[in-house]
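Below is one structure, written out as structure tokens, with a few remarks after it.
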């Protein structure tokens, strides 16, 4: 029914639909494709080649004690932080397809890997919307801290493969595919994924032009993060906590993209709860300490230290319980 209502509105308001679609297309050409496609292609090559295993071991030295994410999951995590919306989701699907992570781990990784990248936060929001990269850098630090907290809370604990870096590197050298096959496969899948992402951006831009949603910054941010942040930026620095919350939330357009990019392979039951929690965390961190960079670093250090202690205690309790079971 909703589909037919939208189609009818498209027919009744062709001028608004055209304008919205053109705005969405410009957004794809200027932001979505340049920021997403390179990361999707490179991450796809890394995962398909098998190099994600030794690379994951390197990342896990820092990330696993903080987040309890497995080494392969760390590759998806880093891809999501650097690549932006969609790149992390695609990396999760690739790792699952290659048999490197289980479905359970993939469903827990998806919401904490599908995040805003530095190009969007620093470039689009900081420079384009607020006229300075300082705002964007602070905002991106808040997003990274928020993601780490959510990873610690919701990432779960998965068995870590007991394999050294040299062993995984030897395995990669033995089994790596030919360069031509690897590049072609990664290019085809990355191209398909970026087209899917652009279709959602263009469609949502058109919908926002014909429904009253586009006239209200808050509702607009819930549906489409870029336009919502653009509308809120008119209110100046007072709107930054809400902008930070919307960036962590991602918008319904991004969530539908994630579901489409992963081809409906994973349950989204807990996905929205985790993204909502992330938005609340980002809002309060930004509200409390956004204007003071030193306070952000101090807060980050304190929270990360608490996360390390929490995970260390949790690991010790699990080991103690395991020993008791063996003795009994």
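The values are calculated or read from the model by the stated rules, or taken from the named source; none is laboratory data. Model, not experiment: these values are computed from the prediction. For neighbour counting, all protein chains shown are included, and Cβ atoms are generated from backbone atoms with ideal geometry for every residue, glycine included.
The residues of region 173-193 that are touching a helix residue (DSSP H, G or I) at 6+ places or on another chain (Cβ under 6 Å) and either farther than 30 Å from residue 32 by Cβ or not in a helix (DSSP H, G or I) (or both) amount to a single one, 176. Does any residue of region 199-216 turn out to be assigned to a helix (DSSP H, G or I), out of contact with any helix residue (DSSP H, G or I) (no Cβ under 7 Å at 6 or more places or on another chain), farther than 21 Å from residue 272 by Cβ and modelled with pLDDT under 80? Scanning region 199-216 turns up at least one residue that is assigned to a helix (DSSP H, G or I), out of contact with any helix residue (DSSP H, G or I) (no Cβ under 7 Å at 6 or more places or on another chain), farther than 21 Å from residue 272 by Cβ and modelled with pLDDT under 80.
Every condition in (1) modelled with pLDDT of 80 or more; (2) more than 13 Å from the chain's Cα centre (by Cα); (3) buried (at least 19 other Cβ atoms within 10 Å of the Cβ) is met by residue 227 except one, and the failing one is (1). If the condition is being modelled with pLDDT of 85 or more and farther than 22 Å from residue 33 by Cα, then region 100-130 contributes 101, 102, 103, 104, 105, 106, 107, 108, 109, 130. Checking the structure you have, find out if any residue of region 288-301 is modelled with pLDDT of 80 or more and surrounded by 13 or more Cβ atoms within 10 Å (Cβ to Cβ). So far as region 288-301 goes, yes, one or more of its residues are modelled with pLDDT of 80 or more and surrounded by 13 or more Cβ atoms within 10 Å (Cβ to Cβ).
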